[in-house]
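These notes concern the structure reproduced below.
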Amino acid sequence: MKKQGFEIEASGITYTIPAKSPPPPPPSAAKKRSPFFPNIFAGDNDHGRGRKKTVLDDVTFTAKPWEVLAIVGPSGAGKSTLLEILAGKISPTAGSVLVNGTPVADEDRRFLNKISGYVTQRDTLFPLLTVEETLMFSAKLRLQKIPKSELGSRVGSLMQELGLTHAARTRVGDESGRVRGISGGERRRVSIGVDVIHDPKVLILDEPTSGLDSSSALQIVGLLKSMAETRGRTIVLSIHQPGFRIVKLFNSVLFMAGGSVLHHGSADGLGSRLKAVGLQVPGRVNVVEFAMESVETFRERVGDCKRGEVVVAAAVGKRSGKCTLQQLFDLQAASSVGHHSNRIADEESAIINIGLEDSEFGLWGDYHQYPNSWFRETMILTHRGSRRTSTEPKSCSPAGQSKC
Ligand SMILES: Nc1ncnc2c1ncn2[C@@H]1O[C@H](COP(=O)(O)OP(=O)(O)OP(=O)(O)O)[C@@H](O)[C@H]1O
């Protein structure tokens with residue numbers, strides 16, 4: 001059976017940013033004049049403006065429709081940067097994002113915006129609007145001109161899907177509690193709703209469970225899983241410390257550290273990789289959490305550390321010598337599992353037959369069009385702003401904040 005949807009592929013994504021404060025050149029370094037440009041000293045580029053920090057280094061993976069891909073890794077691994085690139089918010093320095101095998105050029109970013117919803121780490125909602133009002137404004141902004149009654153039924157069924165019907169008339173509120181409203185988990189679900197009202201086939205979420213207790217976190221990931229399974233969406237999310245039951249909901253895991261991919265495949269496959277490098281996941285310990293701790297273990301084994309390189313010590317067997325953390329994972333997994341690839345092995349390479357030609361989406365299809373004109377967008381936003389002002393109680397003035 002053909003499965004329709006959008007397969008998102010990152011191919012060799014590298015992202016560099018200018019290094020903050022370059023160290024001064026060593027005082028002993030004798031400055032030589034460049035033979036080509038006598039006013040430029042040879043070696044200036046190494047220590048001056050040309051210095052770069054590599055945030056993402058040759059990241060390659062595939063996210064499949066009808067599935068949930070979780071990007072995990074320690075803080076600073078590059079997860080948020082990668083999601084921003086996937087969502088078309090920033091451009092990679094090298095490499096490309098492909099949709100159903102076709103590279104998306106910079107000028108096609110609007111297309112990415114059309115097919116995807118991007119939920120950021122922080123909720124950016126108006127605290128004084130109700131859940132229903134929030135979703136209704138989002139619907140007006142993102143959908144083509146459709147009758148009000150249809151907008152209402154769309155918002156109604158979305159609230160049902162998100163489990164928010166009971167809170168339709170409750171204010172969204174804010175995290176600080178200055179404006180009382182729905183719970184943190186419900187607020188996250190509203191944030192997701194705002195970005196799925198236009199029924200995007202790809203949903204990208206940066207830490208959708210951050211700040212939530214374990215049961216609310218499980219509820220959110222369960223909701224996303226059902227969005228993938230019932231509507232064929234491609235879900236890509238980043239997550240910190242997912243619990244056991246949450247990990248079970250992931251179809252695949254992209255484990256990153258220091259801007260590189262260390263594993264792309266199932267959570268069980270990650271466990272096997274760790275075992276291959278001599279790290280047995282203890283019973284009752286979550287494989288993702290254990291993998292993150294293991295990265296630290298590797299770092300402790302470093303004898304000499306230079307620009308992301310580690311010297312592999314005796315703990316990883318006979319293979320001693322310099323290699324990156326990524327190579328270490330690859331080498332060891334390859335020698336134990338029986339296959340070796342310079343790229344990250346994707347053990348879930350079964351091809352999903354995506355009906356490109358007969359897809360209801362076409363390839364670029366109608367997605368190049370904005371749903372509303374600039375003028376109409378301005379009207380909707382102005383209305384939302386005035387609604388917000390008119391619902392702001394007087395007691396919310398700085399003098400009476402506590403009563404909000
Ligand atoms: N615009 C930027 N300017 C400076 N540094 C940046 C920029 N963007 C990313 N970085 C750096 O790149 C690295 C990766 O950042 P990123 O936020 O993508 O990591 P992360 O894995 O999402 O981390 P966390 O889990 O803590 O959110 C970090 O060291 C970060 O400081």
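The values are calculated or read from the model by the stated rules, or taken from the named source; none is laboratory data. These numbers come from a predicted model, not from an experiment. Backbone-built Cβ (ideal geometry, glycine too); neighbour counts: all protein chains shown. For the accessible areas, the whole protein counts, side chains as well, though only heavy atoms, and no ligand, DNA or RNA atoms are used. Shrake-Rupley method; radii C 1.70, N 1.55, O 1.52, S 1.80 Å.
What to note about this one:
- Residue among Ser260, Ser214 that is within 18 Å of Ala70 (Cβ to Cβ) and either touching a Cys at 6+ places or on another chain (Cβ under 7 Å) or at pLDDT below 90 (or both): Ser214
- Ser91 falls short on exactly one of the conditions (1) within 12 Å of the ligand (Cβ to nearest atom); (2) surrounded by fewer than 18 Cβ atoms within 10 Å (Cβ to Cβ), and that condition is (1).
- Among the residues making up region 43-86, those that are among the small types (Gly, Ala, Ser), more than 9 Å from the ligand (Cβ to nearest atom) and at pLDDT below 90 are Gly43, Gly48, Gly50.
- Neighbours by Cβ (under 7 Å, 6+ apart or cross-chain): first from region 53-80, farther than 15 Å from Pro208 by Cα; second within 15 Å of the ligand (Cβ to nearest atom) and open to solvent by 40 Å² or more (accessible area, probe 1.4 Å): Lys53/Ile17; Val55/Tyr15; Val55/Ile17; Leu56/Tyr15; Ala77/Gly258
- Scan of region 167-188 for residues that are in a loop (DSSP other than H, G, I, E, B) and either aliphatic (A, V, I, L, M) or open to solvent by less than 10 Å² (accessible area, probe 1.4 Å) (or both), ordered by number: Ala168, Val172, Gly173, Val179, Ile182
- Leading residue by the ranking (surrounded by the most Cβ atoms within 10 Å (Cβ to Cβ)) among those in region 227-246 that are in a helix (DSSP H, G or I) and in contact with a strand residue (DSSP E or B) (Cβ under 8 Å, 6 or more places away or on another chain): Ala228
- Checking each residue in region 110-124 for being of a type outside the set (A, V, I, L, M) and either crowded, with 16+ Cβ neighbours inside 10 Å or within 16 Å of the ligand (Cβ to nearest atom) (or both) picks out Phe111, Asn113, Lys114, Ser116, Gly117, Tyr118, Thr120, Gln121, Arg122, Asp123.
- Apart from one condition, Glu132 fits all of (1) within 14 Å of the ligand (Cβ to nearest atom); (2) out of contact with any strand residue (DSSP E or B) (no Cβ under 9 Å at 6 or more places or on another chain); the exception is (1).
- Residue in region 258-266 that is out of contact with any His (no Cβ under 9 Å at 6 or more places or on another chain), open to solvent by 10 Å² or more (accessible area, probe 1.4 Å) and within 23 Å of Leu141 (Cβ to Cβ) present: no
- Taken over region 189-218, the criterion of being of a type outside the set (Gly, Ala, Ser), surrounded by fewer than 22 Cβ atoms within 10 Å (Cβ to Cβ) and free of Cβ contacts under 8 Å to residues at least 40 places away in the same chain is satisfied by Asp199, Leu212, Asp213, Leu218.
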